[in-house]
Amino acid sequence: MNESILEFTATASPSAVSRAIEQYAADQGRLNALVVPWESDQVTLSLAVTAVKSDGWAIEHTNLGTIRLTDLGNNFTSVAISAHEPDHPEKQKLVALFDAFARQIQSRLQAATPS
């Protein structure tokens, strides 16, 4: 399943938005957000969001979704967040984690609407 759960506009360039998302994921401690260069181009950056679970030296990454950042010009970026249904025993927990992360990203980065 590859379902778009959120779309909004951010006030910043795609590279600035991607750095903010990567840092926020790192601060959460249970998620990684990384730019996927082979799925990105001059106009759009693609980020993979994974859940991270460590057990000693072993690290498990579970793909939760994709964030596509498209340059709209004039320092605006379109943000489209899509969920991937994880094939994992803790599927419901991971889906809820990604959904909460996506909504937090939106509340932090969404451009203010003119009044």
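The values are calculated or read from the model by the stated rules, or taken from the named source; none is laboratory data. Because the structure is predicted, anything quoted here is derived from the model rather than measured. No Cβ is skipped: glycine too gets one built from the backbone with ideal geometry, and neighbour counts run over all protein chains shown.
Which of the residues that make up region 86-115 are in contact (Cβ under 8 Å) with a residue 24 or more places away in the chain, surrounded by fewer than 17 Cβ atoms within 10 Å (Cβ to Cβ) and among the aliphatic types (A, V, I, L, M)?
Ala111, Ala112
Quick check: anything in region 41-63 within 21 Å of Glu85 (Cα to Cα), among the β-branched types (Val, Ile, Thr) and not in a strand (DSSP E or B)?
no
Run down Thr70, Thr50 and say which single residue is at pLDDT 95 or above and not small (Gly, Ala, Ser).
Criteria check complete, one pass: Thr70.
Take Ala83 and tell me if it is more than 16 Å from Ile5 (Cα to Cα), touching a Phe, Trp or Tyr at 6+ places or on another chain (Cβ under 9 Å) and surrounded by 14 or more Cβ atoms within 10 Å (Cβ to Cβ).
It is false that Ala83 is more than 16 Å from Ile5 (Cα to Cα), touching a Phe, Trp or Tyr at 6+ places or on another chain (Cβ under 9 Å) and surrounded by 14 or more Cβ atoms within 10 Å (Cβ to Cβ).
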